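To keep things clear, I will list the structure first and then write my remarks on it.
The numbers here are math on the coordinates, done by the rules we state, and not lab data. As the structure is a computational prediction, the values presented were derived from the model and not from experiment. Cβ: placed from backbone, ideal geometry, glycine included. Neighbour counts: every protein chain shown.
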Amino acid sequence: MNMKTWTPRAAEIERNWYVVDAEGQTLGRLATKIATALLGKGKPTYADHMDTGDFVIVINAAKLVVTGDRLLSKRYHSHSGHPGGHREEGLGDLIQRKPTEAIRRAVKGMLPKTKLANAQMTKLKIYAGADHPHAPQQPKPLA
């Protein structure tokens, strides 16, 4: 009996384009849908060691909803590497300054912490308004 494990080849991977309207949607629930599509987990050709995911376009990122007191309590930290280089910013301030960054960080935290995640993040396109330049790809709405 010769049983072999099937793995997709690069030519067999089908990449679809999806569009998501973030208006009125909750940040975490939206991020899980996006991360699942970027990983390709809903496909029969899914392989965790390969990038089998789809492209995702997020529009109306500025009209995102955050539940509870997360706008005040959620903090993002960064450090420049220099003495006194610690920076801290709240989620509310981040959404005011750059609404696309809040979605990007939420989705990035749900992807694996490998080099593969960097390739998957390049397939995520986020726009604050309703317009996007990806109409020629004919994106379908993400279920």
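Some notes on this structure:
- Here segment 35-73 is the region considered, the condition is being among the small types (Gly, Ala, Ser) and either crowded, with 21+ Cβ neighbours inside 10 Å or in a helix (DSSP H, G or I) (or both), and the residue that is farthest from the chain's Cα centre (by Cα) is Ser73.
- Complete set of residues in segment 11-22 that are touching a residue at least 24 places away in the same chain (Cβ under 8 Å) and surrounded by fewer than 16 Cβ atoms within 10 Å (Cβ to Cβ): Glu12, Glu14, Arg15
- For segment 118-132, the count of residues that are out of contact with any Gly (no Cβ under 8 Å at 6 or more places or on another chain), β-branched (Val, Ile, Thr) and assigned to a helix (DSSP H, G or I) is zero.
- Looking only at residues of segment 31-48 that are touching a residue at least 60 places away in the same chain (Cβ under 8 Å) and of a type in the set (A, V, I, L, M, F, W, C), we find that the one that is farthest from Ala11 (Cα to Cα) is Ala31.
- So Ile103, is it in contact (Cβ under 8 Å) with a residue 24 or more places away in the chain, under 17 Å from Gly28 (Cα atoms), in contact with a strand residue (DSSP E or B) (Cβ under 9 Å, 6 or more places away or on another chain) and not in a loop (DSSP other than H, G, I, E, B): yes
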